[in-house]
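The values are calculated or read from the model by the stated rules, or taken from the named source; none is laboratory data. Nothing here was measured: the structure is a model prediction, and the numbers come from that model. Cβ sites come from the backbone with ideal geometry, for glycine too, and all protein chains shown count toward neighbours.
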Ligand SMILES: [Zn+2]
């Protein structure tokens, strides 16, 4: 049985970059725009943006002819245990051993830590479900090898996280991308929660002492 976790809403850390016209955007991509209309006392907005605006999920369908799209990414890839690691320098990061069914998040602090295709394949082979970063991309400039290796192995990528106030450690990741049918990616609201495993005492045999 997969582990269950205790969730306290007061402990959630919002690691989402706010979306506004000043949100940094990938060179050449559509910047975020919000055109507001007030009519009859009601406010509505027309949103113009990229599927990769702000904090967003790259679904496997970000690669041409690869599936699933963001609408069909399994909830197991969106709500899962996560390991957040920090990097002291710009060398390629080492990776934890136990990544099966987990998310691996890189806190680069703007130091531009990038993954090679080889390291990305290692992460996929260790069974990670998702790779996240506070950078705009997991690839070095001019390369897309890490994207290809991860998405090609059905590992989702979460980019532009806001991690300045978050310490390295283990968390529960909660990632809620917009459910765009067949989408290559989508902006997401993302939270981290300290990892506390729930042990169901009602499942213990009568007379056994609580652990
Ligand atoms: Zn992206």
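A few remarks follow.
- Residue count for segment 138-156 under the criterion of being within 20 Å of residue 109 (Cα to Cα) and in a loop (DSSP other than H, G, I, E, B): the result is 4.
- Segment 113-136 - residue that is in contact (Cβ under 8 Å) with a residue 40 or more places away in the chain and crowded, with 20+ Cβ neighbours inside 10 Å and, of those, nearest to the chain's Cα centre (by Cα): 132
- Cβ-Cβ under 9 Å pairs, at least 6 apart or on other chains, segment 153-179 side closer than 28 Å to residue 66 by Cβ and without any contact (Cβ under 8 Å) to a residue 24 or more places away in the chain, far side within 14 Å of the ligand (Cβ to nearest atom) and outside any loop (DSSP other than H, G, I, E, B): none
- Scanning segment 22-44 for residues that are more than 19 Å from the chain's Cα centre (by Cα), within 27 Å of residue 174 (Cα to Cα) and either surrounded by fewer than 10 Cβ atoms within 10 Å (Cβ to Cβ) or within 12 Å of the ligand (Cβ to nearest atom) (or both) gives 22, 29.
- Residues of segment 70-89 that are over 12 Å from residue 182 (Cβ atoms) and either within 14 Å of the ligand (Cβ to nearest atom) or in contact with a strand residue (DSSP E or B) (Cβ under 8 Å, 6 or more places away or on another chain) (or both): 77, 78, 79, 80, 81, 82, 83, 84, 85, 86, 87.
- Scope segment 157-182; condition buried (at least 17 other Cβ atoms within 10 Å of the Cβ) and either within 16 Å of the ligand (Cβ to nearest atom) or assigned to a strand (DSSP E or B) (or both); matching residues: 157, 158, 159, 160, 161, 171, 172, 173, 174, 175, 177
- Total residues in segment 130-143 satisfying the condition of being within 12 Å of the ligand (Cβ to nearest atom) and touching a helix residue (DSSP H, G or I) at 6+ places or on another chain (Cβ under 9 Å): the figure is 4.
- For segment 46-69, a tally of residues being surrounded by 10 or more Cβ atoms within 10 Å (Cβ to Cβ) and away from the ligand (no atom under 11 Å from the Cβ) returns 10.
- Boolean, residue 123 is modelled with pLDDT of 95 or more, within 26 Å of residue 23 (Cα to Cα) and not in a loop (DSSP other than H, G, I, E, B): no
- Residue 5 being more than 16 Å from the ligand (Cβ to nearest atom) and more than 26 Å from residue 171 (Cα to Cα): no
- Here segment 70-100 is the region considered, the condition is being part of a loop (DSSP other than H, G, I, E, B) and surrounded by 15 or more Cβ atoms within 10 Å (Cβ to Cβ), and the residue that is nearest to the chain's Cα centre (by Cα) is 78.
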